[in-house]
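Engineer: Okay, handing you the structure first.
The values are calculated or read from the model by the stated rules, or taken from the named source; none is laboratory data. If you're wondering where the values come from, they're calculated on a predicted model, not measured in any experiment. FYI the Cβ positions are ideal-geometry reconstructions off the backbone, even for glycines, and counts take in every protein chain you see. Accessible surface is based on the protein model in full, side chains and every heavy atom, while ligands, DNA and RNA are left aside. Shrake-Rupley method; radii C 1.70, N 1.55, O 1.52, S 1.80 Å.
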Amino acid sequence: MLPAEIRTWLSQRGITDEVADRAQLRWEGKLVIPIHGMQDEFRFNKYRRHPDDPALPKYWSDNGSHPELYGWRNIRTGISPLVICEGELDRLSLESNGIAAVTSTHGAGSLRTEWLSRIPEDVDVYLCLDSDGAGLSAAATAMANLSRAKLILLPVKDVGEFFGTGHSRDEFRTLMANAASHMTVFTGARKEGI
């Protein structure tokens, strides 16, 4: 259901064929990402334009869709560690590297407190949102509502770029091991323009 060209593009973002197939990704002139709810019920489709087609928005969802958590199964089963990232493809990149992850379907600012409250207490939680103003702002809000979370600051824009530029699973795990668990990290990140 995915052309070889699209599988290659996904692979360049660190997404394996196995994870793409398990996520039921398909190609219909655009990448279709099925989104499921808390009880694994289908909610809506999210779409990603062809990487070389600037005529369409980069991402969009079915009409009438509302923010949903992508990756509920990882919360339901209490997998630890758990990374909260920004974007469906970033989540699949992490999963392809053996790291459980979740994300909001409508951007970093739509991460809901009630979702965070469902993460079991014994799960080690990491935030790895995009290294821009919106990502850092959402991370600060999430850390205020999930005090045990640790913040991973990437040396690149996002998870897809991290794995797409040749960084390894072990390098990501090193970032996890060195992740900060307090709010003062934001002061330093803003001074450096991250």
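Engineer: Shape call for region 28-97 from the C-alpha gyration tensor, a ≥ b ≥ c root eigenvalues: rounded (a/c under 1.5), prolate (a/b greater than b/c) or oblate?
Structural biologist: oblate
Engineer: Kindly report, to the nearest 10 Å², the accessible surface of Trp60 as traced by a 1.4 Å probe over protein heavy atoms only.
Structural biologist: Near enough 70 Å² of accessible area.
Engineer: Taking H placed 1.01 Å from N in the peptide plane, check which residues at least 5 places from Lys150 or on another chain put their amide H under 5 Å from its amide H.
Structural biologist: Val125, Tyr126, Leu127
Engineer: Same structure again: Starting from the coordinates of the alpha-carbon atoms of region 28-162, obtain the Kirkwood hydrodynamic radius over all distinct pairs and give the value in Å to one decimal.
Structural biologist: Its Kirkwood hydrodynamic radius stands at 15.2 Å.
Engineer: Taking 0.36 nm per intervening residue step and subtracting the Cα-Cα distance, what contour gain separates Trp27 from Thr8 on full extension?
Structural biologist: Length difference between fully extended and current span is 5.5 nm.
Engineer: Counting only DSSP beta bridges with both residues in the chain, tell me the antiparallel percent, nearest 5.
Structural biologist: If I count the DSSP bridges inside the chain, around 65 percent turn out antiparallel.
Engineer: Find the centroid of the Cα atoms in region 91-150 and in region 1-27, then give the distance between the two in whole Å.
Structural biologist: Here the two parts' Cα centres lie 23 Å apart.
Engineer: Do any GluC sites (Glu not before Pro) in region 16-78 lie in a loop, going by DSSP, with at most 15 other beta-carbon atoms within 10 Å of their beta carbon, and if so which?
Structural biologist: Glu28, Glu41
Engineer: Still on this structure, I have one more. Assuming 0.36 nm per residue, please report the length gained on full extension of the stretch Ser137 to Val156 beyond their Cα-Cα distance.
Structural biologist: Contour length minus Cα-Cα distance gives 5.1 nm.
Engineer: Enumerate the amide H contacts of Gly87 below 5 Å, restricted to partners 5 or more residues apart or on another chain; note that Pro and chain-start residues carry no placed amide H.
Structural biologist: For Gly87, whose amide H was placed from the backbone, the distant partners under 5 Å are Ser104.
Engineer: Starting from the Cα gyration tensor of region 10-52, take the square roots of the eigenvalues, sort them a ≥ b ≥ c, and report rounded, prolate or oblate (rounded when a/c is under 1.5, otherwise prolate if a/b is larger than b/c, else oblate).
Structural biologist: oblate
Engineer: Helix-derived [θ] at 222 nm for the chain: sum -39500 (n - 2.57) over DSSP H runs of at least 4, divide by residue count, nearest 500?
Structural biologist: When only DSSP H runs of four or more count, the value is -9000 deg cm²/dmol.
Engineer: Give the range of the longest stretch in the chain that excludes all trypsin sites (Lys or Arg not before Pro) found in loop regions by DSSP and having at most 15 other beta-carbon atoms within 10 Å.
Structural biologist: Longest gap between qualifying sites, sites excluded: 1-57.
Engineer: If you don't mind, there's one more thing I want to ask. Between Leu153, Leu116, Leu94, which gets the highest mean-square fluctuation from a Gaussian network model of the chain, Cα cutoff 10 Å?
Structural biologist: Leu116
Engineer: How much of Ser168 can a 1.4 Å solvent probe reach, expressed as accessible area in Å² and rounded to 10?
Structural biologist: Looks like 50 Å² after rounding.
Engineer: Something else: Once you have a ≥ b ≥ c as the square roots of the Cα gyration tensor eigenvalues for region 115-160, tell me rounded if a/c is under 1.5, and otherwise prolate or oblate according to whether a/b is larger than b/c.
Structural biologist: prolate
Engineer: By the scheme Lys and Arg +1, Asp and Glu -1, what is the net charge of all other residues having a beta-carbon under 11 Å from that of Ser110?
Structural biologist: Summing Lys/Arg as +1 and Asp/Glu as -1 gives -1.
Engineer: Using a 7 Å offset from the Cα along the Cα-to-Cβ direction at both Arg73 and Ser168, what is the distance between the two label points in nm, to one decimal?
Structural biologist: 2.8
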